[in-house]
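Here the structure is laid out as structure tokens; the discussion comes afterwards.
The values are calculated or read from the model by the stated rules, or taken from the named source; none is laboratory data. Source: prediction; values computed, not measured. Here the Cβ positions follow ideal geometry from the backbone for every residue, glycine too, while neighbour counts run over all protein chains shown. Remember, those area values only see protein heavy atoms, side chains included, never the ligands or the DNA or RNA. Shrake-Rupley method; radii C 1.70, N 1.55, O 1.52, S 1.80 Å.
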Amino acid sequence: MSRNSQRIVSPIQWLLLYSNGVRSFDIDRSDNLAVYWGQGSSAKQQPLAKYCQDDVIDIIPISFLTTFSGTGGLPVIDISTQCSGSTFPGTGLLDCSTLAADIKACQSKGKILVLSMGGGDGSDAQVSFSSDSDAQKFGDILWNTFLGGTSKTRPFGDAVIDGIDFDIEHGNSPHYGALIKQLRSHMNGANKKYYITAAPQCAYPDKNIGPALNAGDFDAVFVQFYNNPECGIGTSVFNYDTWHKWATQMSPNRNVKVYLGLAASRSAAGSGYMDATALSKLLIQLQDYSSFGGAMMWDASEAYSNSRYDQQIKKILIPNGAGWDCGGNPDQVPLSASHTKSVA
């Protein structure tokens, strides 16, 4: 991709592009926005459907599935205040079927929702396997419990989520590859498209999920370029080039998309937050990379509390990375770079 000049998009055009009708999710775009929901980092978390009322967010990873095998051999999920009901008999698995309507409402707006596994809390044992066979069995459980299979213990009721996200920040299981292959065996040929994503730290290779990234077929990676001064944004050692090389030369899926992972506010992370104006030049430059899929942020509650940080970032990314006319409106985000470089 190359860009010789900026295109100016008026506020009215932006609304027409993203508010009329439903824009179906397209993994091949470079202006997608993934925003985590579930943990309520800002303590002002709204119900899931609240974050689907406009077309700003494209992917919502629901956080988190925290334990692979709990009581009764089924996983454990923790969605903070958004699901605190009863568990299925004989298990530690929460019945969150009250979320089914919100999940389907978001999907009807063209968004995809993936269940994120892991998170920053917990222990290695909660997200590890003893063998490939155990990993494959867990793949079957995920398919039947959350995805396109059938089970009497489906936490989201009759809602079928769109995939699985690996936010593994503990452990280093050599068996994740077997899990991913088992998931793909179910997903391939299914009557809808399913996705597998991951959220590695930017330090390469990621010490926890790195081996799986080289073994499994991922659709996208939401690289965490915050809380990582050794490789994060705003540093002299920012390493998107490294992840681009991995995506295009090493990943089993050479079309995997790399997302710029952001903290959605200063309070969302210990370090690495940048406001939208400071990020504009970088985001435009990254859209010249064939691997670039858009931005990810932690999390929805922080973004909404921070003057709709999600919307500010989206205005930089759309359409196809074109510019945005400030027009004297303080809510608009100025873009400061134009260039012609094309990165294969």
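For SER19, the criteria (1) at pLDDT 95 or above; (2) surrounded by fewer than 15 Cβ atoms within 10 Å (Cβ to Cβ) hold in every case but one, which is (1).
Screening SER30, SER97 for residues that are open to solvent by less than 70 Å² (accessible area, probe 1.4 Å), of a type in the set (Ser, Thr, Tyr) and in contact with a strand residue (DSSP E or B) (Cβ under 7 Å, 6 or more places away or on another chain) leaves exactly one candidate, SER30. Quick check on my filter: what residues within segment 96-137 are within 20 Å of GLN46 (Cβ to Cβ) and among the aliphatic types (A, V, I, L, M)? Once the filter is applied, which keeps residues that are within 20 Å of GLN46 (Cβ to Cβ) and among the aliphatic types (A, V, I, L, M), segment 96-137 yields LEU99, ALA100, ALA101, ILE103, ALA105, ILE112, LEU113, VAL114, LEU115.
Restricting segment 194-204 to residues that are in a loop (DSSP other than H, G, I, E, B) and over 13 Å from GLU169 (Cα atoms), the residue that is most open to solvent (accessible area, probe 1.4 Å) is TYR204. Just one of the numbered conditions (1) surrounded by 15 or more Cβ atoms within 10 Å (Cβ to Cβ); (2) of a type in the set (Lys, Arg); (3) in contact with a Ser or Thr (Cβ under 9 Å, 6 or more places away or on another chain) is not true of LYS104: (3). Any chance segment 289-299 includes a residue that's surrounded by 24 or more Cβ atoms within 10 Å (Cβ to Cβ) and on the phi > 0 side of the Ramachandran plot? Yes, segment 289-299 contains at least one residue that is surrounded by 24 or more Cβ atoms within 10 Å (Cβ to Cβ) and on the phi > 0 side of the Ramachandran plot. Evaluating ASP134 against the criteria (1) touching a residue at least 40 places away in the same chain (Cβ under 8 Å); (2) assigned to a loop (DSSP other than H, G, I, E, B); (3) of a type in the set (Asp, Glu) leaves one unmet condition, (2).
Residue pairs whose Cβ atoms lie under 8 Å apart, separated by 6 or more positions or on different chains, with the first residue in segment 180-191 and surrounded by fewer than 17 Cβ atoms within 10 Å (Cβ to Cβ) and the second modelled with pLDDT of 95 or more and of a type in the set (A, V, I, L, M), are ARG184/ILE196. Apart from one condition, PRO211 fits all of (1) assigned to a helix (DSSP H, G or I); (2) modelled with pLDDT of 95 or more; the exception is (2). Quick check on this structure: which one of ASP158, ASP140 is open to solvent by 40 Å² or more (accessible area, probe 1.4 Å), assigned to a helix (DSSP H, G or I) and modelled with pLDDT of 95 or more? None of the other options fit; the residue is ASP140.
Looking only at residues in segment 211-241 that are in contact (Cβ under 8 Å) with a residue 40 or more places away in the chain and hydroxyl-bearing (Ser, Thr, Tyr), which one is surrounded by the most Cβ atoms within 10 Å (Cβ to Cβ)? Here the residue is TYR226.
Could you tell me whether segment 40-62 includes any residue that is farther than 26 Å from GLY294 by Cβ and surrounded by 18 or more Cβ atoms within 10 Å (Cβ to Cβ)? No, because not a single residue in segment 40-62 is farther than 26 Å from GLY294 by Cβ and surrounded by 18 or more Cβ atoms within 10 Å (Cβ to Cβ). For segment 324-335, does any single residue satisfy the condition of being open to solvent by 20 Å² or more (accessible area, probe 1.4 Å) and modelled with pLDDT of 95 or more? The answer is no; no qualifying residue exists. So is PHE166 surrounded by 23 or more Cβ atoms within 10 Å (Cβ to Cβ), under 21 Å from SER86 (Cα atoms) and at pLDDT 95 or above or not? So PHE166 fails the test.
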